[in-house]
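Novice: If you scroll down you'll find the structure; I have some questions about it.
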Amino acid sequence: MEGFKPFIGIDFELIAQWVNTLIMFLIMRKLLFKPVTAFMENRKQEVSGAFTEAEEATAKANQMRKEYELKIEEAKEEAREIVKDANIKAQNNAEEIIKQAHEEAKRLSEKAQVEIARDRQKVLNELKDEISGMAVMAASKIIQKDIDKTQHEKLINDFIQEVGEAKWQN
């Protein structure tokens, strides 16, 4: 039984291995685990910060997009109002031009009517003068006698009046 070692037993070699493992664990924990854990924690915080920044940037971009869309809509509405105002002004200007044209046409028509009436009166006066001259000649040939000036004028005026009323009433 000298060479026989118990299957489960505590001997010096086992204790030395346990002590070596514990020392290795403490050394590794001091030199390796803490720095690696700190590095991993820092990296985790950096990644988390990057995600947070990305979310903030996305939120800010969405907010800016909404603001720009609102500004674009306001600009479109303002453009619609400008076009509407321009159309109204153009329509008012067109109505004013048409009104002025009607007034000008009416004025020209009235002026033409006055001119036509003046020309008509002028022609009537010329016609009466011509008729009176013909009446004098006809009367002097028919009567072949001397009439005094007042009777002569009375005959002419009566004749003109009779001829004028008969001819111009038709």
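The values are calculated or read from the model by the stated rules, or taken from the named source; none is laboratory data. Computed from a predicted structure; not experimentally measured. Neighbour counts are summed over all protein chains in view; Cβ atoms, including those assigned to glycine, are modelled from backbone coordinates with ideal geometry. When the accessible area is computed, the model is the full protein with side chains, heavy atoms only, and any ligands, DNA or RNA have been set aside. Shrake-Rupley method; radii C 1.70, N 1.55, O 1.52, S 1.80 Å.
Novice: So what's region 79-127 giving for Cα Rg divided by 2.2 N^0.38 Å, two decimals?
Specialist: Normalised by 2.2 N^0.38 Å, the Cα Rg of region 79-127 equals 2.17.
Novice: Pulled fully out, how much extra length does the chain show between residue 158 and residue 129, if you take 0.36 nm times their separation in residues and subtract their Cα-Cα distance?
Specialist: 9.1 nm
Novice: Here are several values of semi-axes √(5λ) of the Cα gyration tensor in Å: (i) 37, 20, 13; (ii) 21, 20, 15; (iii) 142, 11, 7. Which one was derived from the coordinates shown?
Specialist: Checked against the structure: label (iii).
Novice: While we're on this one: Have a look at 26, 138, 58 and report the one farthest towards the positive end of the charge dipole of region 5-161, computed about the Cα centre with Cβ charges (Lys/Arg +1, Asp/Glu -1).
Specialist: Result: 26.
Novice: Among residues other than residue 70 whose Cβ falls under 14 Å from its Cβ, what is the net charge (Lys/Arg +1, Asp/Glu -1)?
Specialist: Combined, the nearby Lys, Arg, Asp and Glu give -2.
Novice: Where the accessible area of the chain is counted over protein heavy atoms with a 1.4 Å probe, how much of it, in %, is carbon and sulfur?
Specialist: 60
Novice: While we're looking at this one, here's another question. So if each residue of separation counts as 0.36 nm, and I subtract the Cα-Cα distance between residue 33 and residue 67, what length gain in nm does that give?
Specialist: Between residue 33 and residue 67, full extension yields an extra 7.3 nm.
Novice: Give the Cα extents of region 36-94 along the principal axes, in whole Å, largest first.
Specialist: Rounded to whole Å, the extents work out to 85, 8, 5 Å.
Novice: Report the gain in length on full extension from residue 86 to residue 101: 0.36 nm times residue separation, minus Cα-Cα distance, nm rounded to one decimal.
Specialist: Stretched fully, the residue 86-residue 101 segment lengthens by 3.2 nm.
Novice: What whole-number value in Å² describes the accessible area per residue of the chain for a 1.4 Å probe?
Specialist: 93
Novice: Treat each spin label as a single point 7 Å out from the Cα along the C-beta direction, and report the residue 48 to residue 18 distance in nm.
Specialist: Calculated label separation equals 3.9 nm.
Novice: Select from 91, 17, 113 the residue whose mean-square fluctuation is largest in a Gaussian network model of the chain (Cα-Cα springs shorter than 10 Å).
Specialist: 17
Novice: How about region 75-105: which GluC sites (Glu not before Pro) there are in a DSSP loop, with at most 16 other Cβ atoms within 10 Å of their Cβ?
Specialist: Working: sites: 77, 78, 81, 95, 96, 103, 104; in loops: none.
Taking region 75-105 and a limit of 16 other Cβ atoms within 10 Å, no loop GluC sites (Glu not before Pro) are found.
Novice: Then there is this: About the Cα centre of region 48-123, what is the dipole size in debye to 20, counting +1 per Lys and Arg Cβ and -1 per Asp and Glu Cβ, all else neutral?
Specialist: 860
Novice: Right, another one. Could you size up the charge dipole of the chain around its Cα centre, putting +1 on the beta carbon of Lys and Arg and -1 on that of Asp and Glu, and report it in debye to the nearest 20?
Specialist: 280
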